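These notes concern the structure reproduced below.
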Amino acid sequence: LQREFPALNGEISPEKSELGRLLFFDPILSKNQDMSCATCHNPSLGFSDGFQTAKGSDGNPLPRNTLSLWNAGYETNLFWDGRAPTLEEQMSVPLHGENEMAGSDEETVSKLKAIPAYVDLFDKAYGADSVTIENMQSAIAAFERTLISNNSPFDKYAAGQFEALTAQQRRGLNLFRSAATRCFECHAAPTFGNDNFFVTGVPDLAGQAHDAGRAAIANDGNDGAFKSPTLRNVALSAPYMHNGAFATLEEVV
């Protein structure tokens with residue numbers, strides 16, 4: 001049961017992570033200074049947002065459900081369709097998207113340079129004259145790589161603490177790993193996620209166009225194939241699937 005976590009998908013340091021933590025929660029990065037990364041990735045909601053699909057800055061729904069950021073630092077295919085290989089590249093989409101944060105790089109850098117505390121933190125993390133969009137994205141990504149869940153009751157059970165799981169949970173784990181369900185094939189330990197793409201037959205939402213998933217961005221992608229997100233802290237991040245089609249874990253199963 002016990003397996004080593006893979007390598008993180010990029011750099012991390014205490015100075016970068018602390019700067020990134022402040023930036024993650026700061027709406028100054030958005031055009032109207034009313035939306036931060038945490039607007040859609042709320043810590044109390046498993047770094048998701050609780051909506052069926054994400055909400056744009058105009059209040060209108062976006063096409064897909066907001067993915068949790070727990071253990072995202074181990075992933076090499078970001079977004080439901082895997083179009084971004086790193087967290088730095090991934091965050092460029094919401095930072096610049098017109099119906100999301102809609103930030104202007106020039107304006108954002110200017111706003112950050114006008115705050116002495118930020119200038120000091122950038123200098124400590126990256127050296128002198130280092131307030132740039134690239135370093136901003138690097139710092140936020142470094143913070144996101146600290147969002148690691150690796151000491152759950154399952155981890156204690158896998159390390160030999162048999163009573164860390166209840167009898168019901170142990171029965172569930174056995175079913176999860178069985179040939180009858182094959183859950184483990186797509187949600188493998190230790191992250192209980194997968195950077196590959198699978199067609200599970202999730203229904204399209206009424207009134208919403210069919211989402212081709214991986215097929216829309218990769219020549220070898222299957223229609224309706226999406227990555228298997230982590231199951232760690234999954235109880236916090238309902239609703240589920242790429243379009244939020246299922247409200248509960250029971251429905252997912």
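The values are calculated or read from the model by the stated rules, or taken from the named source; none is laboratory data. Bear in mind the structure is a predicted one, so any value in this text is a computation, not a measurement. Here Cβ is always computed from backbone atoms with ideal geometry, including for glycine, and neighbour counts include all displayed protein chains. Heavy atoms of the whole protein, side chains included, go into the accessibility calculation; ligands, DNA and RNA do not. Shrake-Rupley method; radii C 1.70, N 1.55, O 1.52, S 1.80 Å.
Structure above, values below:
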quantity	calculated
Selected residue (only one of Asn233, Asn243 is out of contact with any strand residue (DSSP E or B) (no Cβ under 9 Å at 6 or more places or on another chain), crowded, with 16+ Cβ neighbours inside 10 Å, at pLDDT 95 or above and closer than 30 Å to Ala159 by Cβ)	Asn233
Residue within the range 19-32 that is of a type outside the set (Val, Ile, Thr), free of Cβ contacts under 8 Å to residues at least 60 places away in the same chain and part of a loop (DSSP other than H, G, I, E, B) present	yes
Flag if Ala215 is buried (at least 17 other Cβ atoms within 10 Å of the Cβ), free of Cβ contacts under 8 Å to residues at least 24 places away in the same chain and either of a type in the set (Asp, Glu) or part of a helix (DSSP H, G or I) (or both)	yes
The range 171-195: number of residues that are part of a helix (DSSP H, G or I) and either surrounded by 14 or more Cβ atoms within 10 Å (Cβ to Cβ) or not charged (D, E, K, R) (or both)	8
Condition check for Gly82: more than 10 Å from the chain's Cα centre (by Cα), in a loop (DSSP other than H, G, I, E, B) and within 24 Å of Ala212 (Cβ to Cβ)	yes
Residue check for Ser152: open to solvent by less than 40 Å² (accessible area, probe 1.4 Å), more than 18 Å from Phe5 (Cβ to Cβ) and of a type in the set (Ser, Thr, Tyr)	no
From the options Phe176, Phe192, Phe197, residue that is under 30 Å from Asn151 (Cβ atoms), hydrophobic (A, V, I, L, M, F, W, C) and out of contact with any helix residue (DSSP H, G or I) (no Cβ under 7 Å at 6 or more places or on another chain)	Phe192
